[in-house]
Amino acid sequence: MAAPAYPAWVTRWVSGQWRNKKRPPTLRPPRTLALADKVASRREEPTEATCITEMSVMMACWKQNDFNDAPCAEEIKTFYDCVAKAEKARTNQNEDTLSSRGNLPSSKVNKLLKRFPQITRYV
C-alpha cells in the first residue's frame, strides 16, 4: 500500500522545518469564512401525539353505535376538552426560551440571520 500524498507544507510542518521561522504556515480556507443566510428548518424535539386514548374511546363508541353522535356525546366532549387543553399548552410554550440543550430553534436563528445579514465585501 502506497503512502498517502500530503501537500508540501504538511511535510514541512510535521518535520519541524517551520520552527526555524518561529511561526506555523498560514492556512488559507477554500471559501470566505462567513455564516450562511439561513439554516435548515428542523424540529428541535420530537412532539408526541396527544389525546390518543380519548380519540380511541370516541371511535370505539361510534363503531358500537353505528356512527351516531347522540349516544357518544360524553366521549366526544372528553376528546374535545383534551384537544383544547393540549392546544393551550402548546401555545403557552414559549419559543423564545432555549431548548434543553441550550440551542436556539432554527426559526429564531433564521430571524436573527435575516435581521443581521452577512457582509460579503467591505466598502
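The values are calculated or read from the model by the stated rules, or taken from the named source; none is laboratory data. In this text the structure is predicted, and so the values were computed from the model without any measurement. Positions of Cβ are generated from backbone atoms using ideal geometry, with glycine treated the same way; all protein chains shown enter the neighbour counts. With ligands, DNA and RNA removed, areas are computed over all heavy atoms of the protein, side chains included. Shrake-Rupley method; radii C 1.70, N 1.55, O 1.52, S 1.80 Å.
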For residue 32, state whether it is assigned to a loop (DSSP other than H, G, I, E, B), open to solvent by 100 Å² or more (accessible area, probe 1.4 Å) and polar (S, T, N, Q).
yes
Filter segment 56-71 for residues that are open to solvent by 80 Å² or more (accessible area, probe 1.4 Å) and in a loop (DSSP other than H, G, I, E, B); the one that is farthest from residue 104 (Cα to Cα) is 66
Of all residues making up segment 94-113, the number that are modelled with pLDDT of 70 or more and either among the hydrophobic types (A, V, I, L, M, F, W, C) or open to solvent by 90 Å² or more (accessible area, probe 1.4 Å) (or both)
5
Looking only at residues that are assigned to a helix (DSSP H, G or I), without any contact (Cβ under 8 Å) to a residue 24 or more places away in the chain and polar (S, T, N, Q) in segment 75-93, which one is least open to solvent (accessible area, probe 1.4 Å)?
91
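Matching residues to (1) under 30 Å from residue 86 (Cα atoms); (2) open to solvent by 100 Å² or more (accessible area, probe 1.4 Å); (3) part of a loop (DSSP other than H, G, I, E, B); (4) at pLDDT 85 or above:
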site	(1), (2), (3), (4)
2	no, no, yes, no
19	no, yes, no, no
54	yes, no, no, yes
73	yes, no, no, yes
